[in-house]
Amino acid sequence: MSPETVRPRLLVAVLMLQDGRCAVESHSAAGLHRSGLLPLTPLQTVPAGPTLARRAHCLARCVRRADCVSFNYGQLPDGTAGCQLLGKALCQAGGGFSELQRDAGVNYFDVYRGSTVGAAEMAQAALWTECETTGRCAVPLCQPVAGDYCTSSAVCAASITNAQCTSSTCQCTSDHWLNSPTECLPGVAIGAACTQLIECQTITSGSECSSGGLCACPAGTWHNPDGSCLPVKALGEACSVDPECGDETTTYCSSAVCTCRANYVAVNGVCEPGKAMGAACTISAECTMVTANTACTSGVCACASGYWNNGGTCRQSVPFGGACTYQEDCSSYNSKFICSGGTCGDFGCTPVIVSGYEYRLAGGDSSCLSGRVEVRPQGAATWGQVCDDGWGTEDATVFCRSIGRT
């Protein structure tokens, strides 16, 4: 049966170019569409004339378009001839097609396989003088590159390393990335050496190739074993595993909530270690974690109010009349208090003996320039206080001179 009388199918001629050489192969429209070629133009009428000339005219239309890789040609039901240009080559690298499904019982041009059919059309079109007079052309079947149409993984793997046929397209296999049209390289796992971002993200989405040349999750993210870098959870947020909470040396997932570890305290959303006396701090909890009875005072860890620093520990101050061991027990409560006989009391200046009585200033400080006037018989155990009724400047002057003061 002549190709000119095939109804309703159209004859398909597939042309291929590589380094100036050519080949033509004829297929039915049904077979071509299964191969993935798409129309570039609607079916257009070919000018009247001899069959050879009309086919050559359609061939010439295709070659003038860079995106045309084949064409449909055939006699229409009304007796006219039609031409439809097609694109989307199965092998984008050129040089032929590695696989086409054909319909049985239809005539085909098969120039590069030795048939002389099609040589006349090419000669009349005067497009490829390199072709031999027999119509045979020295164009090998092309090998697919990444992104080309395919029907099996074996076709892709024949010319592309680590490739497979996925959704009728040659693609890299799982955990591989496209380095060139014919080479897929393996991705790089977290912690392994890398040179570019795509190596890392092929295995772990959201990862980066760090300045140290290793695949890593960026700051503020954690490595999820499912193959992604996810944002770190804030303190107090729900969690299921420790890495979700960030730095595992300071935080962990406790009772399904992100929490600071022992010896760390939350400061502005970050787990900070405890601070020793004298260290810079932000909140008092940093200080009390290391030393009891401390507070963050003016940005520094120190003993809290009512306590004094006794060699790195904070000892409670003692009020008037309370039991004391150290002078600071009393003076830290009131600078005028002293520890005398194991009890906190007023500071007493050295007494002066006048006419069988002892006089002194008490309740002041070590300068002995102020305080209460106290008196007792020489050798008595108890000091008495002088009432201020009728006491004036003259009385004060006499007393100060009596104790050797001006």
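The values are calculated or read from the model by the stated rules, or taken from the named source; none is laboratory data. Just so it is clear, the structure is predicted and the values come from calculations on it, not from any experiment. Positions of Cβ are backbone-derived with ideal geometry, glycine not excepted, and every protein chain shown enters the neighbour counts. In case anyone asks, the SASA skips ligands and DNA or RNA and just uses the protein heavy atoms, side chains included. Shrake-Rupley method; radii C 1.70, N 1.55, O 1.52, S 1.80 Å.
Between residue 340 and 345, the built amide H atoms are under 5 Å apart, and every one of these is 5 or more places off in sequence or on another chain.
With the simple model of a label 7 Å out from the Cα in the direction of the Cβ, residue 372 to residue 183 spans 9.8 nm. For residue 222, the residues whose modelled amide H falls within less than 5 Å of its own, excluding neighbours fewer than 5 places apart on the same chain, are 230, 232.
A simple spin-label model places the labels of residue 167 and residue 250 4.3 nm from each other, with each point 7 Å out along Cα-to-Cβ.
Contact order for the range 251-387, expressed relative to its length and based on alpha carbon pairs under 8 Å spaced 6+ residues apart, stands at 10 percent. Working from Cα pairs under 8 Å separated by at least six residues, relative contact order for the range 154-240 is 16 percent.
With all protein chains present and a 1.4 Å probe, how do 168, 305 order by accessible area, largest first? Can you show the working numbers first?
Working: 168 60, 305 120 Å².
Per-residue accessible area, sorted high to low, gives 305, 168.
Working note: Cα gyration tensor of the range 320-406, eigenvalues times five, square-rooted, sorted largest first, giving semi-axes of 25, 14, 11 Å.
A 1.4 Å probe, protein heavy atoms only, puts the accessible area of residue 308 near 30 Å². Extension gain, residue 388 to residue 335: 0.36 nm times the residue separation minus the Cα-Cα distance gives 16.7 nm. Phi angles of the range 294-304 translate, via the Karplus equation with coefficients 6.51, -1.76, 1.60 and θ = phi - 60°, into HN-Hα couplings of 10, 8, 8, 10, 6, x, 9, 6, 8, 5, 5 Hz per residue; Gly and Pro are given as x.
Of 307, 149, 326, the residue with the largest accessible area leads and the full order is 326, 307, 149 (1.4 Å probe).
Remark on residue 267: its backbone amide H falls under 5 Å from those of 272, a criterion applied only to residues 5 or more positions apart or on other chains, H modelled at 1.01 Å from N.
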